[in-house]
């Protein structure tokens, strides 16, 4: 694609692939806020210019900094911004509504709120600003509230299905570097791994997702059957650091691709993991994906 040609025009699918903003969100920005005004073919298909792509990337940067979409729209249209939304208020409002829907076991309401956020914001922004804080909010609630086990099961099933469907839809379309992703032995909570997979998806990675509680020795077989460029493992601080690291060290001796470990165990066992030639991922999904991307690029271009 000749991105330096300002006269070039691109269909919405190409723009979605280049920017990482899905077509639904691009259309919502146009209809609801007038952020992007693409050209139209005689049949009504949208065409975007390089200036449009630059604007979309700028919008994403501002969203990542916490600016509300309505504030961005007002700034672009040069109207008064005296009654701007507080960035925090936007996400707090979403979270409060979702907590109320969980409390009422209202799947339809939960889905409406989540879909509304997803229609306006890229998936990585929704993950960082809504889903992760929401999980923290619910975790605090479930320490004291009656019915907490039922609520946790209800929301866990909903979120696993929702995130899983989105992951599989995007994953099949990606053609970037391939990663194997799995939870370490004894780790049964896979939300963190699934959220990492979604974040990596949004950056073009293709993920072979193996889920919870996978024996480390199984990974060599998977690597031998695939053309993956890296392995990402996840675990909590409750796991046995010594035994886990010993198993991973055996794996790294057999592989020529990098192995990454994230989750609380990466902070607990950083020194041991580093000694075993494992890359301990930093806190934060965006940081983790960035670290993986940089290391894979370094492996592919060792002279850089």
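The values are calculated or read from the model by the stated rules, or taken from the named source; none is laboratory data. Note that the coordinates shown come from a computational prediction; the quantities given were computed from them, not determined experimentally. All Cβ positions, glycine included, derive from the backbone under ideal geometry; neighbour counts span all protein chains shown.
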- Name the residues in the range 38-64 that are farther than 13 Å from residue 21 by Cα and without any contact (Cβ under 8 Å) to a residue 12 or more places away in the chain, would you? 40, 41, 42, 43, 44, 62
- Task: Please work out which one of (1) surrounded by fewer than 22 Cβ atoms within 10 Å (Cβ to Cβ); (2) over 18 Å from the mean Cα position of the chain (by Cα) is the condition residue 269 fails and give its number.
- Result: (1)
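One line per residue, one yes/no per condition, for (1) surrounded by 15 or more Cβ atoms within 10 Å (Cβ to Cβ); (2) outside the structural domain of residue 138 (by TED's automatic domain parsing):
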position: 18; (1), (2): yes, yes
position: 35; (1), (2): yes, yes
position: 40; (1), (2): no, yes
position: 44; (1), (2): no, yes
position: 48; (1), (2): yes, yes
position: 51; (1), (2): no, yes
position: 97; (1), (2): yes, no
position: 118; (1), (2): yes, no
- Determine, yes or no, whether residue 254 is at pLDDT below 90 and within 29 Å of residue 131 (Cβ to Cβ). no
- Return the total of residues in the range 206-217 being over 19 Å from residue 281 (Cα atoms) and assigned to a helix (DSSP H, G or I). 1
- Message: I'd like to check something: does the range 76-86 contain any residue that is in a loop (DSSP other than H, G, I, E, B) and at pLDDT 85 or above?
- Response: no
- Query: In the range 178-194, how many are surrounded by fewer than 21 Cβ atoms within 10 Å (Cβ to Cβ) and out of contact with any strand residue (DSSP E or B) (no Cβ under 6 Å at 6 or more places or on another chain)?
  - Reply: 5
- Which residue out of 201, 175 is surrounded by fewer than 18 Cβ atoms within 10 Å (Cβ to Cβ) and either touching a helix residue (DSSP H, G or I) at 6+ places or on another chain (Cβ under 6 Å) or at pLDDT 85 or above (or both)? 175
- Residue pairs qualifying under the 6 Å Cβ cut-off, at least six apart or on distinct chains, with the first in the range 1-26 being modelled with pLDDT under 80 and the second being assigned to a strand (DSSP E or B), are none
